[in-house]
Amino acid sequence: MIARLWHGWTKRADAKAYEEMLRNEIFSGIAARNIQGYHGAELFIREDGDEVEFVTLLRFDSMDAVREFPGADESKPVIFPKAEALITRMEQARHYRVAT
């Protein structure tokens, strides 16, 4: 199992809208792609001064399954167009083998 972790930040004023977009549109949009080996998403949120940090964790069976999500550049963030205006900064995605 591979965990894909991504960190992005919004202004505090945009955090609620971004959280709702993630929950109601983005995560369901990812699931609707029917990527073989995709096993869902989790969301972590942390208030940090004037910003709010969002961490998404997506689970995949393998790196081959991961690559179906962003394409050839596996660390490239996948940002839905409506979300771009809300995100103030972001990091590349990182991938971890889930140790059980």
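The values are calculated or read from the model by the stated rules, or taken from the named source; none is laboratory data. Just so it is clear, the structure is predicted and the values come from calculations on it, not from any experiment. In this analysis, Cβ positions are derived from the backbone assuming ideal geometry, glycine residues included, and neighbour counts consider all displayed protein chains.
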Specify the residue that is surrounded by the most Cβ atoms within 10 Å (Cβ to Cβ); the eligible residues are those in the stretch 1-36 that are touching a residue at least 12 places away in the same chain (Cβ under 8 Å) and charged (D, E, K, R).
ARG4
For SER75, indicate whether it is part of a loop (DSSP other than H, G, I, E, B), without any contact (Cβ under 8 Å) to a residue 24 or more places away in the chain and among the hydroxyl-bearing types (Ser, Thr, Tyr).
yes
Within the stretch 63-97, residues hydroxyl-bearing (Ser, Thr, Tyr) and either touching a Pro at 6+ places or on another chain (Cβ under 7 Å) or modelled with pLDDT of 95 or more (or both) come out as THR88, TYR96
I'm checking my understanding of the structure. Among residues of the stretch 63-72 that are assigned to a loop (DSSP other than H, G, I, E, B) and surrounded by fewer than 13 Cβ atoms within 10 Å (Cβ to Cβ), which one is nearest to the chain's Cα centre (by Cα)?
GLY71
Look through ALA41, ALA83, ALA31, ALA99 and report the one residue that is within 13 Å of the chain's Cα centre (by Cα) and closer than 13 Å to ALA3 by Cα.
ALA41
Being in contact with a helix residue (DSSP H, G or I) (Cβ under 8 Å, 6 or more places away or on another chain) and aromatic (Phe, Trp, Tyr) is the filter; apply it to the stretch 37-57 and report the residue that is surrounded by the fewest Cβ atoms within 10 Å (Cβ to Cβ).
TYR38
